[in-house]
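*Asks:* Okay, here's the structure, questions in a sec.
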Amino acid sequence: MMKIKVNDNFARLKESYLFSEIGRKVRAYQAANPDKKVIRMGIGDVTLPLAPVVVEAMEKAVKEMGVKETFRGYPPEYGYAFLRDAISAYYARKGVKVASDDVFVSDGAKSDVGNIVDILGKNTVLIPSPVYPVYMDSNLMSGNRIELLEAGEADGFLGTPDLLDGETYVIYICSPNNPTGAVYDRAGLKAWVDYALASGSLIIFDSAYEAFIKGDYPHSIYDIEGAEKCAIEICSFSKMAGFTGTRCAWTVVPETLVTEDGFNLKKLWARRQATKFNGVSYPVQRAAEAALSEEGVRECAALVDYYAENAKILSEMLDRKGIFHTGGVSSPYIWLKCPKGMSSWDFFDLLLEKVQVVGTPGEGFGEAGEGFFRLTAFSDRESTIEAAKRLETLF
Ligand code: PLP
């Protein structure tokens with residue numbers, strides 16, 4: 001028997017049975033009802049292919065890798081300058097100032113969200129609930145103390161710092177939000193930035209769904225004055241350009257993030273990445289650069305618009321039926337209240353049995369999600385229209 005010690009914080013993690021349980025129930029239903037067509041609106045993965053300009057750039061880069069003169073070995077640890085510059089320019093087009101040098105390219109927002117805990121010490125972490133589970137689990141694994149910021153119907157699932165007492169936290173904010181689809185306006189984000197500045201807190205802002213924003217909402221935390229002194233931002237090409245299988249993302253750690261003990265967070269993150277990460281492949285970085293070009297942004301916006309139209313179809317159906325929901329406008333997610341006080345899982349079973357539509361029980365995103373249900377807009381148009389019709393008969 002081994003005598004080593006393991007990280008026993010892993011014992012704090014709850015068994016993650018959400019998607020396996022959904023899969024098990026759907027397989028059992030389909031086996032018993034082989035003639036029924038089940039429509040899946042549960043997964044948060046894109047379905048449309050990469051934009052042509054992205055594929056072209058990747059092909060060209062792959063060819064360069066096959067020629068001695070243009071072959072490249074290890075990429076720079078923090079990303080090629082061409083991509084860091086393109087990301088900085090992408091922000092500039094939205095009126096937000098982010099220096100190329102503060103941008104760290106990575107293989108995914110999930111990796112960065114999970115890894116950022118490496119550079120932080122024993123803080124109290126404030127996590128919204130319901131929540132993207134990675135924030136919670138990465139902090140449980142690190143043995144951190146966690147407080148939940150519960151949000152609900154009354155605040156449109158947009159938690160505020162109003163009831164906090166000035167304690168210093170590491171605060172996670174995701175806008176537009178997964179799973180609720182709710183998006184903060186400028187005043188909402190300003191309240192968080194003001195709280196962080198006054199309390200010496202750090203905000204970790206996840207903007208993975210910013211490309212879905214419609215209307216005058218901030219796409220970046222750096223749209224808010226003072227955020228460069230209290231916030232790290234993590235964003236991804238996954239949903240904006242369909243890169244869930246291609247893998248590329250970035251994290252912004254401004255030079256101005258300094259602790260009272262004199263630590264510079266950017267230096268720590270640079271050291272962490274240089275030690276534990278060897279960069280994103282050249283063809284993928286060229287593909288990401290192409291996604292941010294003028295043509296790329298246009299082509300990728302067409303992908304996002306397709307999903308957004310799906311979301312609108314579902315959201316309008318819920319409006320007609322008077323069902324409370326958030327999301328569906330600036331987000332590919334629709335977060336709805338289960339009718340008649342049903343639990344998330346009872347509603348899941350009902351949808352599967354009666355109309356063969358599969359979604360995700362809100363309880364899987366934390367206790368505050370109980371009684372709610374997530375539908376995604378990543379299916380094709382035909383299935384979405386059919387699902388909306390079937391759901392309409394049920395409500
Ligand atoms: N952040 C949020 C809120 C997400 O919902 C997801 C993916 O579903 C990610 C990050 C992960 O992004 P990536 O594919 O870049 O790892």
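*Asks:* Counting alpha carbon pairs within less than 8 Å and at least 6 residues apart, what relative contact order, in whole percent, applies to the chain?
*Replies:* Relative contact order, the chain: 23 percent.
*Asks:* Further question: Compute the length gained on full extension between Lys37 and Lys340: take 0.36 nm times their separation in residues and subtract their Cα-Cα distance, giving the result in nm to one decimal.
*Replies:* So the extension gain works out to 106.5 nm.
*Asks:* Taking 41 Å as R0, compute the FRET efficiency from the Cβ-Cβ separation of Glu382 and Lys60 and round it to 0.05.
*Replies:* 0.75
*Asks:* For the peptides 354-367, 68-81, 257-270, 161-174, what is the packing order when you average, over each peptide's residues, the other Cβ atoms within 10 Å and list the highest mean first?
*Replies:* Working: 354-367: 20.6, 68-81: 13.0, 257-270: 14.6, 161-174: 17.2.
Result, highest mean first: 354-367, 161-174, 257-270, 68-81.
*Asks:* Taking K and R as +1 and D and E as -1, what net charge do the other residues with C-beta under 10 Å from the C-beta of Ser100 add up to?
*Replies:* -2
*Asks:* Find, to one decimal place in angstroms, the Kirkwood hydrodynamic radius of the range 267-331, where the mean of 1/r is taken over every pair of different Cα atoms and then inverted.
*Replies:* 15.3
*Asks:* Moving on to the next point. Set Lys and Arg Cβ to +1 and Asp and Glu Cβ to -1, take the dipole of the chain about its Cα centre, and tell me which of Ala187, Met342, Cys248 lies farthest positive.
*Replies:* Result: Cys248.
*Asks:* Quick one: length gained pulling Ala302 to Glu392 fully straight, 0.36 nm per residue minus the C-alpha distance?
*Replies:* 29.6 nm
*Asks:* Excluding Ser142 itself, what net charge comes from residues whose Cβ is under 9 Å from its Cβ, given Lys and Arg +1 and Asp and Glu -1?
*Replies:* Once positives and negatives cancel, what remains is 0.
*Asks:* Suppose each label sits 7 Å from its Cα in the direction of the beta carbon; what would the Thr256-Glu225 distance come out to in nanometres?
*Replies:* Distance between the two pseudo-spin positions: 1.1 nm.
*Asks:* According to a simple spin-label model (label point 7 Å from Cα along Cα-to-Cβ), what is the distance in nm between Arg272 and Leu18?
*Replies:* Rounded to a tenth, the inter-label distance reads 2.2 nm.
*Asks:* Right, another one. Summing Lys, Arg as +1 and Asp, Glu as -1, what charge do residues with Cβ under 12 Å from the Cβ of Pro179 carry, Pro179 excluded?
*Replies:* 0
*Asks:* Using 0.36 nm per residue, how much length does the chain from Asp319 to Thr160 gain when fully extended, once their Cα-Cα distance is taken away?
*Replies:* Net length gain for the segment: 54.7 nm.
*Asks:* Past the 34 angstrom mark, what percentage of all C-alpha to C-alpha distances in the chain do you count? Could the numbers behind the result be given before it?
*Replies:* Details: 24321 of 77815 pairs.
Roughly 31 percent, rounded to a whole number.
*Asks:* Hey, another quick one. Viscosity 0.890 mPa s, temperature 25 °C: what is the translational diffusion coefficient of the range 162-235 from Stokes-Einstein with a Kirkwood Rh over Cα pairs, rounded to a whole number of µm²/s? Walk me through the numbers before you get to the answer.
*Replies:* Numbers: Rh = 12.3 Å.
D = 199 µm²/s.
*Asks:* Just how large is the dipole of the chain about the Cα centre, in debye to the nearest 20, putting +1 at every Lys and Arg Cβ and -1 at every Asp and Glu Cβ?
*Replies:* Working: 44 positive and 54 negative charges, 222 e Å.
Once rounded to the nearest 20, the dipole reads 1060 debye.
*Asks:* Let me ask something else about it. For the range 363-386, list residues with backbone N below 14 Å from a point placed 7 Å from the Cα of Lys25 toward its Cβ?
*Replies:* Answer for the range 363-386: 363-365, 370-375.
*Asks:* So which of Lys68/Lys267; Lys312/Lys389; Lys110/Lys321 end up more than 24 Å apart, counting from Cα to Cα?
*Replies:* As for pairs spanning more than 24 Å Cα to Cα, those are Lys68/Lys267; Lys110/Lys321.
We did not get these values from a lab; they are worked out from the coordinates using the rules stated. It should be emphasised that the depicted structure is a prediction, and the values quoted were computed from it without experimental measurement. Neighbour counts run over all protein chains shown; Cβ positions are idealised from the backbone, glycine included.
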